[in-house]
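Input: a single structure, listed below in C-alpha cells.
Coordinate-derived values only; no laboratory data. Please read these numbers as outputs of a predicted model, since none were measured by experiment. Cβ placement follows ideal geometry from the backbone for every residue including glycine, while neighbour counts extend to all protein chains displayed.
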Amino acid sequence: MDIVSRYCILQTIFSVGFWSQNEQIKHPELRSLFNSLSSTILDAPAKSTVEKYAGYFKRFVKWAEKYSEIKCVLPCQELYVGLYLQNLMQSANHYSVIESAFYGIKWAHNLAGVANPCDSEMVRLIVEALRRKLNRPIEKKSPVTSDIMIKLFSKYNSNQYYSIFFSTILLLFSVIRCTILLLTTLALGCGSRQSCYSCSDVDDPSACQTKVTCGINDVGKIDFNAIIPCTR
C-alpha cells in the first residue's frame, strides 16, 4: 500500500472514538503527549503487520463505499462485516484471505477505540464457517507402483514411445549421478577422515570405508557425508 493511502486510513482511524477526545485536552504538555501517543501505539505490532492490516481495512472501506446504506465503517455494524466476509468467500481461493480481512477490520476498530463488530459471536461463527468451507483437505496422490509402470509401458509400447521412455530414464540417471559426484566433490574439498588406512586392517575388506565430512561452516553451512569404499 502506498504512503498516501496508508496515511488516509490512519487519519480516519485516529479521528474517531478514543482519539476524538483530543478537543478536551487543554494543557500544551498533555496535548503534546496525546499527539505522540498514536505513533507509540503503531509501534506495538511489526511494521509489516500494520501495512497488512491497513491494506485489508482499506479494501473493506472501499467495498462499503459502494453501498449508501452503510453510514459508518468505524464503528461498523456486525451485519455489514458479516456480509463483507461472505462477499469475499465468493472469490477467495483460500481461508487466509478471510482471516486477513477479519483481523484487518478488528485491528482498525481496536486502534480507534470503538465498539468492535469482530468481537460479535455471529461474526466469529461466520469466520469459522468460512474456514471450514475454504480449508479443504489436501488429497494425497497415490505413489507410483511397479504395476502402474508396467501398464504405462504396455500402453505406449511402440518404437517412438519406447525411445522417448528410455531416453527419459537415462537422463534421470545422469542427473542423479551428477548430483552424487557434486556432493562427493564438495565433501572432498572440506577434508576427510579415514576410518581405516588400509583394507588389510580389517577382516572384511568390503567394510573398509573412508568417511568424508564437511564441517558446518565449510559449504554453505550444510553438512555433507559421503561414504567412499576403500580400494585395494
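At a glance:
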quantity	calculated
Vicinal HN-Hα couplings computed from phi for the range 46-60 (Karplus, 6.51 cos²θ - 1.76 cosθ + 1.60; Hz; Gly/Pro x)	5, 4, 5, 5, 4, 4, 5, 5, 4, x, 6, 5, 4, 4, 5
Scattering profile of the range 3-134 at q = 0.14 Å⁻¹ [log10 I(q)/I(0), Debye over alpha-carbon scatterers]	-0.65
Virtual spin-label span in nm between Thr184 and Lys71, 7 Å along Cα→Cβ	8.0
Proximal charge balance of Ser120 [Cβ under 14 Å; K/R count +1, D/E count -1]	-2
Debye, to nearest 20: dipole size of the range 65-129, +1 on Lys, Arg Cβ, -1 on Asp, Glu Cβ	140
Modelled FRET efficiency - R0 45 Å, Ala129 with Asn22, Cβ distances, 0.05 increments	0.65
Gain upon complete extension [Asn35, Cys8; 0.36 nm per residue less C-alpha separation]	8.0 nm
Ranked His109, His27, criterion: other C-beta atoms within 10 Å, fewest first	His27, His109
Spin-label pair Leu42/Leu83, simplified geometry with 7 Å Cα→Cβ offset, distance in nm	3.2
Stretchable slack from Phe173 to Gln90, in nm (0.36 nm times residue separation minus alpha-carbon distance)	25.2 nm
Cα centroid of the range 94-129 to Cα centroid of the range 34-58, whole Å	16
